[in-house]
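The values are calculated or read from the model by the stated rules, or taken from the named source; none is laboratory data. Computed from a prediction, not measured in an experiment: that's the story for all the values here. So basically every Cβ, Gly included, is an ideal-geometry build from the backbone, and we count neighbours across all protein chains shown. Side chains are part of the model used for accessible areas, which takes the heavy atoms of the whole protein and leaves out ligands, DNA and RNA. Shrake-Rupley method; radii C 1.70, N 1.55, O 1.52, S 1.80 Å.
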Amino acid sequence: MTQDPATSGSETSASGVPGGPARWCGSDTGGTFTDLVLDDGTIAKVPSTPDDPSAAVARGLRDLAAGAGVAAVEVLTHGTTVATNAVLERRTAQVALITNEGFADLIEIARQDRPALYDHTIERPVPLVPRAWRSEVRGRLDATGAELVPIDVSTIPPIDPTVEIVAVCLLHSDLDPAHEQAVLAELAHRGIDAVASHEISPEFREYERTVTTVIDAAVRPVCRAYLRLLDGLAARVLVMTSAGGLTSATAAADHPARLLLSGPAGGVLAGAAIAEANGFPDAITFDMGGTSTDVCLVTGGRPEAAAQREVAGFAVRLPSLDVHTIGAGGGSIAMIDDGGALVVGPQSAGARPGPACYGRGGGQATVTDANLVAGHIPADVEFPGLGRLDLAAAQQALAVAGVDAAGVLAVVNASMEQALRRVSVERGVDPRGLALVAFGGAGPLHACALADALGLAVVLVPPRAGVFSAVGILGAPVQVDLVHSWPTPLDHHGLDDAARRLVDQARDEAIVCAGGATPGAAPITSVAFDCRYAGQSHELSVPSVEGFAATHERRNGYARTGTPIEVVAIRATATIGAPVAVTDLPAPALVRTAVLGPMVLAEPDCTIWIPSGWRADPGIAGALVVRRT
């Protein structure tokens, strides 16, 4: 199913060639649907193919070719959930670990803090490397990177033949990678694939660096095979990272841990852009798809960033947007638990069989079925690739589960309300001054109820809301993020020179990564320093050491005048903007005049529910601005 840009009245593609092929295409693979957007605004939405996600992308490109006359795509930008799902479902490679003598159990000992402080029964996730596959090598660096004991690769024992890849993480290799490089060379000599910590996360804190390296190794085989299947679909493939930038398919395949929030990052970028264009630089992006809901705080037009995230209980120390995810989506299954309570999710009906109303043999009641029965989705609506929804099947599924539509919607809304509070109220941000940017196939169905619960001022529904993450991926910049530990925290001599070298490296890598995909564009660079007061165990990332005290006071309410400032890491970013901006796409007019609720607006890629007491007006760049009457 394709949609031509409404109201554009033009047959000229963004490449400037009348009737010619579009140059760029953004694609986002989700748990239920795979979405594609061309740089002329044409969209395609097809069911995902979990066994081979590239098959759905290929089908979407064929649909675009048939509907928009696109013979070929020059640049395919792609967001993926493959790495995330592999970790969540433990469908990872067989991984071994090589570390220093005495440190084989580090990934199991972890940190002393517990996931739930007062829950003594809670269990940590089982490490991705079993104890029998953790090996130790002789050699040691001290905390400044100086060698204490030379590396002796002859002490590396034979690797089990069933191991697919080896993760290498040695003490203080963030300061000097020589020991890790020696181990990599030895493994290469033995014909064993391996990844080392200095290649993926050259930062201090041994536990987090080790876990990040293990996860990178664990998902490399599956992601490498999948990304290679995308190669033939376009002249050049760029992949979205968790940090909100595009990297080459080769770089993504080599270090796929950078892709753990690949898809959601695109929606956050696009949501921030559309909110700022409509006069709301402070907002929360709310992306509700078929399997999960992703929310992120935006302040001053910029999404919140994080240097470390947790995925499936594992600490991943890599730059990312600070997206909070819960298992609540249109496909989330509703049931009565053993205690007689109604629960919704995190289990999902997924793409196959999907909700009962999809008519694919799924008999379990889901959020989509509840929305259909409640009348929030018109009974005669047709979903892409599915045809008309089956209202009778949805009613039967709810009846068999012993649940009612209103109850299902109330429970799932409560879960999503908590997620919104997590990124606003719990961070000291008053949600009443924020806009809620609602997208994803199910987001605009629930947005007004959530805004009511939190007292948010306005709901924004962007154009192409159902494929909005793909829109954001289409308009994302090529981006390189580098980090390097600073060896002498209290001695800042040479810090500026080191920062300049890191910036130059990021600039050069960004140019190579773009590979001519954005001709004539020059990289934009920035630098930041991870700083803390002496004695602290947490850092703040600031543009300059001199500005640390002011930032600390703004974040924490106080500054320590006269206390030495430690610098523990340098960060550099280089970006090359895409030729397609979110607000540049031809804007389909969702609403031309004011619409008063209750009203259902059925779009080709999503459904929008305007409840009683709300009014929708046209906004900038094709957005829908929904306010209370």
Quiz item: Of all residues in the stretch 110-131, how many are among the β-branched types (V, I, T) and surrounded by 12 or more Cβ atoms within 10 Å (Cβ to Cβ)?
Solution: 1
Exercise. Answer yes if at least one residue in the stretch 165-172 is of a type outside the set (A, V, I, L, M, F, W, C) and at negative phi, and no otherwise.
Key: no
Exercise. Determine if the stretch 606-628 includes at least one residue that is in contact (Cβ under 8 Å) with a residue 60 or more places away in the chain, touching a strand residue (DSSP E or B) at 6+ places or on another chain (Cβ under 9 Å), part of a loop (DSSP other than H, G, I, E, B) and open to solvent by 40 Å² or more (accessible area, probe 1.4 Å).
Key: no
Self-check item: Inter-residue pairs, beta-carbon under 8 Å, first among the aromatic types (F, W, Y) and in the stretch 351-379, second at pLDDT below 85, 6+ apart
Solution: Y358/F383; Y358/L386
Quiz prompt | Options V425, V437, V408, V367; residue that is under 27 Å from T325 (Cα atoms) and touching a Phe, Trp or Tyr at 6+ places or on another chain (Cβ under 7 Å) | solution = V437
Quiz item: If you take just the helices (runs of 4 or more DSSP H) that sit entirely in the stretch 317-424, which of them hold at least 1 residues that are modelled with pLDDT of 90 or more and among the acidic types (D, E)?
Solution: 367-374, 405-422
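Among the residues in the stretch 393-405, are any under 30 Å from R554 (Cβ atoms), of a type in the set (G, A, S) and touching a Ser or Thr at 6+ places or on another chain (Cβ under 8 Å)?
No: the stretch 393-405 contains no residue that is under 30 Å from R554 (Cβ atoms), of a type in the set (G, A, S) and touching a Ser or Thr at 6+ places or on another chain (Cβ under 8 Å).
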Quiz item: Identify, please: which residue in the stretch 574-593 is open to solvent by 60 Å² or more (accessible area, probe 1.4 Å) and under 28 Å from the mean Cα position of the chain (by Cα) and is, among those, modelled with the lowest pLDDT?
Solution: P579
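The rows are residues; the columns are (1) touching a Gly at 6+ places or on another chain (Cβ under 6 Å); (2) among the basic types (K, R); (3) without any contact (Cβ under 8 Å) to a residue 12 or more places away in the chain.
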{"position": "E123", "(1), (2), (3)": "no, no, yes"}
{"position": "P127", "(1), (2), (3)": "no, no, no"}
{"position": "R134", "(1), (2), (3)": "no, yes, no"}
{"position": "V137", "(1), (2), (3)": "no, no, no"}
{"position": "I156", "(1), (2), (3)": "no, no, no"}
{"position": "L171", "(1), (2), (3)": "no, no, no"}
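Results for (1) open to solvent by less than 50 Å² (accessible area, probe 1.4 Å); (2) in contact with a strand residue (DSSP E or B) (Cβ under 6 Å, 6 or more places away or on another chain), shown as yes or no for each residue.
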{"position": "A465", "(1), (2)": "yes, yes"}
{"position": "H484", "(1), (2)": "no, yes"}
{"position": "P487", "(1), (2)": "no, no"}
{"position": "H493", "(1), (2)": "no, no"}
{"position": "D504", "(1), (2)": "no, no"}
{"position": "E509", "(1), (2)": "no, yes"}
{"position": "A514", "(1), (2)": "yes, yes"}
Quiz item: Tally time: how many residues in the stretch 43-56 are under 22 Å from D287 (Cβ atoms) and in contact with a Leu (Cβ under 6 Å, 6 or more places away or on another chain)?
Solution: 1
Self-check item: Lone unmet requirement of (1) open to solvent by 40 Å² or more (accessible area, probe 1.4 Å); (2) among the basic types (K, R); (3) not in a loop (DSSP other than H, G, I, E, B) for R571
Solution: (1)
Quiz item: Out of all the residues in the stretch 517-551, which are open to solvent by 20 Å² or more (accessible area, probe 1.4 Å), more than 20 Å from P564 (Cα to Cα) and either of a type in the set (S, T, N, Q) or free of Cβ contacts under 8 Å to residues at least 12 places away in the same chain (or both)?
Solution: P519, G520, T525, S526
Quiz item: So which of T285, T291, T247 is of a type in the set (S, T, Y), open to solvent by 10 Å² or more (accessible area, probe 1.4 Å) and in a strand (DSSP E or B)?
Solution: T247
Quiz item: In the stretch 393-414, how many residues are surrounded by fewer than 18 Cβ atoms within 10 Å (Cβ to Cβ) and either more than 24 Å from G455 (Cα to Cα) or touching a Gly at 6+ places or on another chain (Cβ under 7 Å) (or both)?
Solution: 6
Quiz prompt | strands (runs of 3 or more DSSP E) fully within the stretch 428-540 counting 3 or more residues that are closer than 30 Å to W609 by Cβ | solution = 435-439, 458-461
Exercise. Inspect all residues belonging to the stretch 98-120 and state whether any of them is among the hydroxyl-bearing types (S, T, Y) and either part of a helix (DSSP H, G or I) or within 19 Å of the chain's Cα centre (by Cα) (or both).
Key: no
Exercise. May I ask you to say which residue of L540, L460, L450, L456 is more than 30 Å from A249 (Cα to Cα), in contact with a Pro (Cβ under 6 Å, 6 or more places away or on another chain) and of a type in the set (A, V, I, L, M)?
Key: L456
Practice problem: Looking at (1) of a type outside the set (G, A, S); (2) closer than 30 Å to E164 by Cα; (3) at pLDDT 85 or above; (4) surrounded by fewer than 24 Cβ atoms within 10 Å (Cβ to Cβ), find the lone condition where V95 falls short. | Solution: (4)
Self-check item: Selection within the stretch 315-354 - within 21 Å of the chain's Cα centre (by Cα), among the basic types (K, R) and open to solvent by 20 Å² or more (accessible area, probe 1.4 Å)
Solution: none
Quiz prompt | Residue among R59, R90 that is open to solvent by 40 Å² or more (accessible area, probe 1.4 Å) and at positive phi | solution = R90
Practice problem: Within the stretch 287-307, count every residue that is in contact with a Ser or Thr (Cβ under 9 Å, 6 or more places away or on another chain) and either acidic (D, E) or over 30 Å from C357 (Cα atoms) (or both). | Solution: 9
